[in-house]
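Chemist: Right, I'll just put the structure down here and ask away after.
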Amino acid sequence: MSTKGLQETFRVVVENVLNRWTALRLAVEHGMGGPLGLNTAIELIEYITSYCTENKHVDAIDLREVLEEIMDQEFETICEDDSTQEVSAVLIKHLKMLKEGKVEEVKAAIDMMVPCEMWIVSGSKIKYQQMDDSSDSEQDANDQEDMDVEPASAVDVPSEVNPSTCGSSTKFIEESIDPGWTQVRGRRRR
């Protein structure tokens, strides 16, 4: 098989495997690759294809290290689930099969893969997930409005609450405060 034919066929393998890689998809959907995360994923397909077909002695360990570095540098993501190892092993297995001339077996293996959405394509609409760390979002404001608030008890006498640590002599005092207001105590300079 010619180098050009190897690259074209192996690109299809890389495209199919990376489109099924959950860690990459989550990194793009959560904006870890920045606003151009999809473009970075498209470039990743091209880079991995070139890297594997142009280097004569690439193995699964080398490819795993490349994938880990790209995920860390480009998507600020560290895959602790060993998915980089799995992805690199699958890619190298198919690359070796192609180099041995087993093109039909590789195409059959691709056809046997679980169907998935091919989302790493130019112009693809990615549903970006909003991060939960913003406390001033409109959703949080709506959640606050819908929150049920128990009315204050009729007796405003502080009640003693025992701490959860057994044997402690410390007693905590819970004060009843109007739930609609936040009590702020200022520090006085001495």
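The values are calculated or read from the model by the stated rules, or taken from the named source; none is laboratory data. Everything numeric here is computed off the predicted structure, so don't read it as measured data. Note that we place each Cβ from the backbone using ideal geometry, even for glycine, and neighbour counts take in every protein chain shown. Note: accessible area is taken over every heavy atom of the protein model, side chains too, but ligands, DNA and RNA are not part of it. Shrake-Rupley method; radii C 1.70, N 1.55, O 1.52, S 1.80 Å.
Chemist: Using modelled amide H (1.01 Å from N, peptide plane; none on Pro or chain starts), what sits under 5 Å from the amide H of Thr77, excluding residues fewer than 5 places away?
Modeler: Long-range HN contacts for Thr77: Asp72.
Chemist: What whole-number value in Å² describes the accessible area per residue of segment 3-112 for a 1.4 Å probe?
Modeler: 54 Å²
Chemist: Continuing with this model, one more query. Report the full-extension gain for the segment Val12 to Ala109: residue separation times 0.36 nm, less the Cα-Cα distance, to one decimal in nm.
Modeler: Using 0.36 nm per residue and subtracting the Cα-Cα distance, I get 33.8 nm.
Chemist: Placing unit charges on C-beta atoms (Lys and Arg positive, Asp and Glu negative, everything else neutral), compute the dipole magnitude of segment 1-106 about its Cα centre in debye, rounded to 20.
Modeler: The dipole magnitude comes to about 540 debye.
Chemist: Residues with amide H under 5 Å of Arg20's amide H, sequence separation 5 or more or different chain, H placed in the peptide plane at 1.01 Å from N; which?
Modeler: For Arg20, no residues qualify.
Chemist: While we're looking at this one, here's another question. Whose amide H sits under 5 Å from the amide H of His30, counting only residues 5 or more places off or on another chain, with H placed in the peptide plane?
Modeler: Close amide H contacts, sequence-distant or interchain: Gln129.
Chemist: Next question, about the same structure. In whole Hz, what ³J(HN,Hα) sequence does segment 22-27 give by Karplus (6.51, -1.76, 1.60; θ = phi - 60°), x for Gly and Pro?
Modeler: For segment 22-27, the Karplus-derived couplings read 4, 4, 5, 4, 4, 4 Hz, x marking Gly and Pro.
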